[in-house]
Amino acid sequence: MTVENKTWDSLKVKYLGQVAKALSSVKHPRAKDVLEDVRCHLDRRFADLEPDEQTRENLQTIITEMGPASDYAELLDPDATLPGQSVRRKYLLWTGLGIIVVAAAILLPIAISHKVKGHKHLTISSAYWFHSNQRPRWIPDDAVRKDNDGHILFHIDEWFEGEGIVQYKSFYSKADKRFLLKSQGHPDVRANAERGYWNQEFYVRVPETEYIKMKAGVTYIVHPVNSNPKYQWKVVPGVTICKSNE
């Protein structure tokens with residue numbers, strides 16, 4: 001084990017201990033899931049570093065960007081007042097069947113006095129099926145149950161460094177989450193953004209009654225409904241989704 005690995009293990013263990021202590025104060029049934037996803041995200045961030053980037057400064061930056069350990073407890077219980085916490089911050093916590101968003105979406109830091117930047121539009125640059133090889137490996141395959149619905153992820157281009165996933169909260173709560181999948185000569189297929197997102201990967205569900213309308217092998221173009229003129233989805237030309245023949 002290298003010196004860098006030992007340093008990282010020490011920093012990671014200390015931080016995970018702080019998160020575990022904070023989570024224990026709210027006694028939430030999903031606390032273990034959150035802790036495990038924090039652990040996985042830390043491992044992914046370390047693995048993304050090149051050998052010459054594994055300096056103590058960069059390792060400490062990863063820990064700092066994860067934010068105060070108390071943030072995770074507050075996400076599970078926004079009304080909890082933790083020791084030493086004088087200001088209550090409320091973040092987006094959403095769950096769905098098989099999804100634990102605070103865990104999967106990977107939390108990043110928000111300073112208590114910091115006003116988070118938000119978005120008035122988000123750009124969809126790609127669309128792909130959740131249960132495909134295109135899904136980032138750090139998003140667990142079993143986070144979305146395989147059933148008769150269609151499960152899609154939209155990749156979003158916009159991201160303010162250092163703002164964390166809270167930067168999407170206002171947009172996601174106000175934007176029209178309805179989409180139409182269109183293909184000339186075929187019925188439109190309705191889809192809805194639901195449950196939330198993992199960083200820049202936004203989950204979209206095609207209900208079973210709509211999914212069966214999709215013809216295998218046919219390319220469908222993504223069209224947002226965009227009923228709210230102040231908060232708009234944009235789509236890069238050529239973003240499509242195609243149902244396999246399986």
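Nothing in this text is a laboratory measurement; each read-out follows from the coordinates by a stated rule. Treat the numbers as computed from the prediction; the structure is a model and nothing was measured. Neighbour counts run over all protein chains shown; Cβ positions are idealised from the backbone, glycine included.
A few notes on this one:
- Sorted peptide list for 46-52, 174-180, 164-170, criterion being average Cβ within 10 angstrom, highest first: 164-170, 174-180, 46-52
- Lysines with Cα under 18 Å of residue 6, excluding same-chain neighbours fewer than 8 positions away: 14
- Taking 30 Å as the limit for the C-alpha separation, the pairs 12/234; 177/243; 146/234; 21/174 exceed it in the case of 12/234; 21/174.
- Relative contact order (percent, whole number), the stretch 121-242, Cα cutoff 8 Å, 6+ residue spacing: 34
- Positive minus negative residues near residue 193 (Lys, Arg vs Asp, Glu; Cβ under 10 Å): +2
- For the stretch 194-237, applying the loop criterion from DSSP together with a ceiling of 10 other beta carbons within 10 Å to the trypsin sites (Lys or Arg not before Pro) yields 230.
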